[in-house]
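Please treat every number below as a calculation from the coordinates, not as lab data. As the structure is a prediction and not an experimental result, all values here were calculated from the model. Positions of Cβ are backbone-derived with ideal geometry, glycine not excepted, and every protein chain shown enters the neighbour counts.
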Amino acid sequence: MPFNLGKYTELNSFLKTKNVTLVAVSKFQPLEEIQKAYNAGIRDFGENYAQELCSKFPALPDDIRWHFIGHLQTNKVKYIAPFVYLIQSVDSANLLKEINKQAKKAGRIIKCLLQLHIAEETSKTGFNEDEILKINYADYPNIEICGMMGMATFTGNEEILKNEFSKLRETFLKAKPQFPQMQFLSMGMTDDYKTAISQGSTMVRVGSLLFGRRS
Ligand SMILES: *Cc1c(COP(=O)(O)O)cnc(C)c1O
């Protein structure tokens, strides 16, 4: 599907008025379409699969900030650790441990968001609140935890969405003292970003609106 410049321009000016960062979700999009989005001014792109990200990274401009937003298996961390900008989908202590190890190997401090499980669907992954409050940040000197991420239930029901997003914001505020660099609250996608912003989102991950529905 082609990159839609008109939709991007409209979304971008809306997000600017709200002070919200846009991450363009480019999974399954060919290089040409990502390049078009880059030419329009986008620098933050989100990918879900380590292999796909690793093949796109060397073929596109090197000032792109690559966000990893999909479920990340521990054995794939090493492939993205040298260059990833922000891993948004950290959902277990095991994964934190492996990211810390690979970051150290790569001589980097890797920025991460903690993913909170907020949806009704059990298929979605993430920490629960207690697990987040139990994390000992000092165990991970090569990780900078700079916020939280969550995915709401796939529903058009505004009340459910609002409840889930506000739950994420509450946990974010509770965890803030524990993680001094926390600033990003990543919530909202094509179908729910307006609701997410009304509940305090500072970063949205939008794919279909910019590139069309994925087949
Ligand atoms: C695919 C995906 C998105 C983007 O979804 P759209 O509905 O296309 O905007 C956002 N976040 C995550 C975690 C995703 O996997």
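How much length would be gained if the chain were fully extended between residue 10 and residue 83, taking 0.36 nm per residue of separation minus their Cα-Cα distance, in nm to one decimal?
On the way: separation 73, 0.36 × 73 = 26.28 nm, distance 3.04 nm.
Difference between extended and current length: 23.2 nm.
What GluC sites (Glu not before Pro) does the stretch 114-159 have in DSSP loop regions with at most 16 other beta carbons within 10 Å?
On the way: sites: 120, 121, 129, 131, 144, 158, 159; in loops: 120, 121.
Qualifying residues, ordered by number: 120, 121.
Exactly which trypsin sites (Lys or Arg not before Pro) in the stretch 86-173 are in a DSSP loop and have at most 16 other Cβ atoms within 10 Å? Mind dumping the intermediate values first?
On the way: sites: 97, 101, 104, 105, 108, 111, 124, 134, 162, 167, 169; in loops: 108, 124, 134.
When the trypsin sites (Lys or Arg not before Pro) of the stretch 86-173 are filtered for loop state and at most 16 Cβ neighbours within 10 Å, 108, 134 remain.
For residue 166 and residue 39 in one chain, what is 0.36 nm times their gap in residues minus the Cα-Cα distance, to one decimal in nm? Kindly include the intermediate steps, with their values, before the conclusion.
Working: separation 127, 0.36 × 127 = 45.72 nm, distance 3.48 nm.
Taking residue 166 through residue 39 to full extension adds about 42.2 nm, to one decimal.
Take every Cα pair under 8 Å in the chain that's 6+ residues apart, average their separations, divide by the length, and report that relative contact order as a whole percent. Can you show the working numbers first?
Details: 398 pairs, mean separation 46.4, N = 215.
Answer for the chain is 22 percent.
Need the list of aspartates and glutamates near residue 101 for cross-linking: C-alpha distance under 14 angstrom, and skip anything on the same chain fewer than eight residues off.
139, 144
What's the center-to-center distance, using Cα atoms, between the stretch 1-66 and the stretch 117-142 in Å?
After rounding, the separation between the Cα centres reads 27 Å.
So what's the Cα pair-distance distribution over the stretch 89-146, bin width 5 Å, in %?
In whole percents, the pair-distance histogram is 4, 20, 29, 22, 12, 8, 3, 1.
Can you work out the FRET efficiency for the pair residue 71 and residue 18, with r the C-beta to C-beta distance and R0 = 25 Å, to the nearest 0.05? Don't jump to the answer; show the numbers that get you there.
Details: r = 28 Å, r/R0 = 1.13.
Once rounded, the FRET efficiency stands at 0.30.
Over 18 Å between C-alpha atoms is what I'm after, so list which of 104/176; 56/78; 78/104; 124/174; 7/56 land there. Mind showing how you got there, number by number?
Values: 104/176 24 Å; 56/78 16 Å; 78/104 11 Å; 124/174 22 Å; 7/56 24 Å.
Cα-Cα > 18 Å for 104/176; 124/174; 7/56; rest within.
Taking Cα pairs under 8 Å and at least six residues apart, what relative contact order does the stretch 18-119 come out at, in percent?
Numbers: 139 pairs, mean separation 21.5, N = 102.
About 21 percent, as a whole number.
Would you be so kind as to identify which of 28, 94, 117 lies farthest towards the positive end of the dipole of the stretch 1-120, taking Lys and Arg as +1 and Asp and Glu as -1 on Cβ and the Cα centre as origin?
94
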